[in-house]
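S.K.: Quick one: the structure is below, questions incoming.
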Protein chains: 2
Amino acid sequence: MGEPVLGVDVGGTNIRAALVDRETGAVRAVEGRALEGRSPAEVVAAASRAIAAVAGRHGGAPFRRIGVGIAGQVLGKSGVVLNAPNLGWRDVPFGAMLGRELGVPVRVVNDLSAAAWGESRFGAARGVSDVLVVFVGTGVGSGIVVGGRLHEGARGVAGELGHVKVRPPRPGEPARPCGCGSSGCLEAYAGGANLAARVRSEVAAGAPTQILDLVGGDVSRITTAHVEEACAAGDGYARRLWDEVGELLATAVANAVTLLNPERLVLGGGVLRGSPTLREIVESRLPAAASPTAAAELTIAAAARGDEAGVVGAALLGSEGEA
Amino acid sequence: MGEPVLGVDVGGTNIRAALVDRETGAVRAVEGRALEGRSPAEVVAAASRAIAAVAGRHGGAPFRRIGVGIAGQVLGKSGVVLNAPNLGWRDVPFGAMLGRELGVPVRVVNDLSAAAWGESRFGAARGVSDVLVVFVGTGVGSGIVVGGRLHEGARGVAGELGHVKVRPPRPGEPARPCGCGSSGCLEAYAGGANLAARVRSEVAAGAPTQILDLVGGDVSRITTAHVEEACAAGDGYARRLWDEVGELLATAVANAVTLLNPERLVLGGGVLRGSPTLREIVESRLPAAASPTAAAELTIAAAARGDEAGVVGAALLGSEGEA
């Protein structure tokens, strides 16, 4: 049994801390709770409480380092969160704040990078050294593993697949705006939050679809799960939407495969997990959209660690550099 | 003065061999000649002669390893050329053939990967560890340097930027076919050979442009240099073409920057070198097309080693693994 390391996953509404076995990636103890407030100080306090709760089960022995995954852009190893739209943060030195509170070094990374590392090390790409892990959930992101190491890039923001441009603006058909401030990004089309908002708006405007029946006429309840349900039941609107989104996802992921030539592609995230029809469209179109030589021996696997991947990856990344 | 290493660059019509200083990247001697035939045996013979000529200037001391860059897809470290359209090759074990002829190990790599490595080590990205090198010449390709090493990918075909898809087929506007057998690839729109063929065809069909005057009415003489010349002189057709191509290049390169977050981007290749207007369009649009955080500290540099980069990179890659 390996030494336990400590990881934290900060989402937009929840926080969780976990003890993770460094040798096996198994979660030995986990503590999750809703965030009561989203200010940096409130999140520091919530993280400290969650960490104290799981650390208590470790017999109280102190941790030498802690890793945090957070839904936002993190500047390299500085621990500064440049932008976390779900929390409303800009330029928050979260690593330093939490480190001061806890008295140990804290490493902060993007949550999807952490999850990609968790999947790569102890999930669907275990033992594989060149990996692309793509998550399609509320947002869209990826992690790139090169030669067995997470590729972080010059500023630590590599892997932003959600912000590759998939739709140039065309006359009469402006590109969809993205939460990042730009438009035409993959996430604007395929991220769960943007997708749900689009469907709500189109259904409210009278789009011919059975989705409205699935939510008892309450447009505000629509999620991507309803699109999947309608699509599986033969709904034309839902099918066209999944075709459009699937095509964009397949092309963007295929382009990353062409560029990186990974050995394995891992597909995960809530939207893909909950939408087998969409996932099938992506998987079936991907090989033809990628360079044949890069696609020839590529294996595609579903993410294996679910919501746990982020906290596992954060713990592992946080413990790097330990003796 | 470092030990000289030997590199070979096999193009579609020419071959060159060079002695390269391993410590400085300087070319000490070079021997270039036209290819008289394109069969694998003829290219082996031409390479052997060129190598013998430059090796003679090294005092006849034998080389322990040789690196070859070739315009084609090369399978990992096998030395097998999967596909070299300009030479008409498929599945040619060129490394083994040349190695048998010369009696030393031969490493074969894609020519643009070799050139990217040459630029990265001893050109426009010297001393930088995370680099993206993009070449727009007859074809389009790139090299990815991660942590100071050339990223080759699982099958050795990483960096195929020319074959990322930039135009999904749309009703009434089919995507342009690419030499790779697919369609909608960046190279189909921005590669010099495809561009020249397109302009010849459009000018022959009566496109309103002064390009026809620049070639004295001989459509077959049109190259991308004439598009640049016409664009600089205010020709509307040429400007629209450069806008279209520049936009596609900027978006594809920006997407690679978003994904990889390199510290430096190097732009090279004959088309960009000979078309400052096009290059300016690409450089001016790139920052807005990339993720702001990935673009924030990116530096863009012109390739510094010109046609020499390929043979320099091939020599360096070939000598890797030497004691």
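S.K.: Considering only segment B:127-145, how many residues are in contact (Cβ under 8 Å) with a residue 24 or more places away in the chain and over 13 Å from the mean Cα position of the chain (by Cα)? Full working, then the answer.
M.R.: To start, the set of residues in segment B:127-145 that are in contact (Cβ under 8 Å) with a residue 24 or more places away in the chain comprises B:128-145.
Okay, now just the ones that are also over 13 Å from the mean Cα position of the chain (by Cα), so B:128-131, B:145.
The number of residues fulfilling the criteria is 5.
S.K.: Looking at B:GLY153, B:GLY206 in this structure, which one is within 9 Å of chain A (Cβ to nearest Cβ) and on the phi > 0 side of the Ramachandran plot?
M.R.: Step by step, each of B:GLY153, B:GLY206 is checked, and only B:GLY153 is within 9 Å of chain A (Cβ to nearest Cβ) and on the phi > 0 side of the Ramachandran plot.
S.K.: Need a quick list: strands (runs of 3 or more DSSP E) entirely within segment B:28-112 having at least 3 residues that are in contact with a Phe, Trp or Tyr (Cβ under 8 Å, 6 or more places away or on another chain), within 14 Å of another protein chain (Cβ to nearest Cβ) and crowded, with 16+ Cβ neighbours inside 10 Å.
M.R.: B:80-84
S.K.: With the requirement that a residue be away from chain A (no Cβ under 13 Å) and open to solvent by less than 20 Å² (accessible area, probe 1.4 Å), what does segment B:124-150 give you?
M.R.: The answer is B:ALA124, B:PHE135, B:VAL136, B:GLY137.
S.K.: If I filter segment B:283-309 down to residues being over 30 Å from B:LEU6 (Cβ atoms) and away from chain A (no Cβ under 14 Å), which single residue comes out as least open to solvent (accessible area, probe 1.4 Å)?
M.R.: B:GLU283
S.K.: When residues of segment B:1-31 are filtered for being more than 21 Å from B:GLY59 (Cβ to Cβ), touching a strand residue (DSSP E or B) at 6+ places or on another chain (Cβ under 7 Å) and of a type outside the set (Val, Ile, Thr), how many remain?
M.R.: 2
S.K.: Also, I was wondering about something else. Read through the list (1) over 18 Å from A:ARG155 (Cα atoms); (2) open to solvent by 60 Å² or more (accessible area, probe 1.4 Å), then give the number of the only condition that A:ARG22 fails.
M.R.: (2)
S.K.: Follow-up question, since we're still on this one. Could you tell me whether A:GLY153 is assigned to a loop (DSSP other than H, G, I, E, B), open to solvent by 30 Å² or more (accessible area, probe 1.4 Å) and either without any contact (Cβ under 8 Å) to a residue 24 or more places away in the chain or closer than 22 Å to A:GLY88 by Cα (or both)? It would help to see each step written out before you state the result.
M.R.: Details: assigned to a loop (DSSP other than H, G, I, E, B): yes; open to solvent by 30 Å² or more (accessible area, probe 1.4 Å): no; either without any contact (Cβ under 8 Å) to a residue 24 or more places away in the chain or closer than 22 Å to A:GLY88 by Cα (or both): yes.
When the stated conditions are applied, A:GLY153 does not pass them.
S.K.: Given the options B:VAL257, B:VAL271, B:VAL245, name the one that is within 14 Å of chain A (Cβ to nearest Cβ), within 23 Å of B:GLY118 (Cα to Cα) and surrounded by 18 or more Cβ atoms within 10 Å (Cβ to Cβ). Talk me through it step by step, then tell me what you get.
M.R.: On the way: B:VAL271 fails: within 14 Å of chain A (Cβ to nearest Cβ); B:VAL245 fails: within 23 Å of B:GLY118 (Cα to Cα).
After ruling out the rest, the residue left standing is B:VAL257.
S.K.: Examine segment B:161-168 for a residue that is surrounded by fewer than 24 Cβ atoms within 10 Å (Cβ to Cβ) and facing another protein chain (nearest Cβ under 8 Å), and state whether such a residue exists.
M.R.: Yes: one or more hits.
S.K.: Out of B:ARG279, B:ARG285, report the one residue that is more than 23 Å from A:LEU75 (Cα to Cα) and either more than 17 Å from the chain's Cα centre (by Cα) or outside any helix (DSSP H, G or I) (or both). Show your work before the answer.
M.R.: Values: B:ARG279 fails: either more than 17 Å from the chain's Cα centre (by Cα) or outside any helix (DSSP H, G or I) (or both).
Of B:ARG279, B:ARG285, the one residue that is more than 23 Å from A:LEU75 (Cα to Cα) and either more than 17 Å from the chain's Cα centre (by Cα) or outside any helix (DSSP H, G or I) (or both) is B:ARG285.
S.K.: What number goes with the only condition from (1) free of Cβ contacts under 8 Å to residues at least 12 places away in the same chain; (2) in contact with a helix residue (DSSP H, G or I) (Cβ under 6 Å, 6 or more places away or on another chain); (3) of a type outside the set (A, V, I, L, M, F, W, C) that B:GLY206 does not pass?
M.R.: (2)
S.K.: Also, I was wondering about something else. If you take the residues of segment B:175-186 that are touching a residue at least 12 places away in the same chain (Cβ under 8 Å) and open to solvent by 40 Å² or more (accessible area, probe 1.4 Å), which of them is nearest to the other protein chains (Cβ to nearest Cβ)?
M.R.: B:CYS180
S.K.: Still on this model: So in segment B:229-242, with the set limited to residues that are among the hydrophobic types (A, V, I, L, M, F, W, C) and open to solvent by 20 Å² or more (accessible area, probe 1.4 Å), which one is nearest to the other protein chains (Cβ to nearest Cβ)? Please lay out each step first, then the result.
M.R.: Filtering segment B:229-242 down to residues among the hydrophobic types (A, V, I, L, M, F, W, C) leaves B:230-233, B:238, B:241-242.
Filter once more, keeping what is open to solvent by 20 Å² or more (accessible area, probe 1.4 Å): B:232-233.
Working: B:ALA232: 25, B:ALA233: 27 Å.
Going through the qualifying residues, I end up with B:ALA232.
The values are calculated or read from the model by the stated rules, or taken from the named source; none is laboratory data. Being a predicted model, the structure only gives us computed values, none of them experimental. Note that each Cβ is placed from the backbone with ideal geometry, even for glycine, and that neighbours are counted across all protein chains shown. Only protein heavy atoms, including side chains, enter the accessible area calculation; ligands, DNA and RNA are left aside. Shrake-Rupley method; radii C 1.70, N 1.55, O 1.52, S 1.80 Å.
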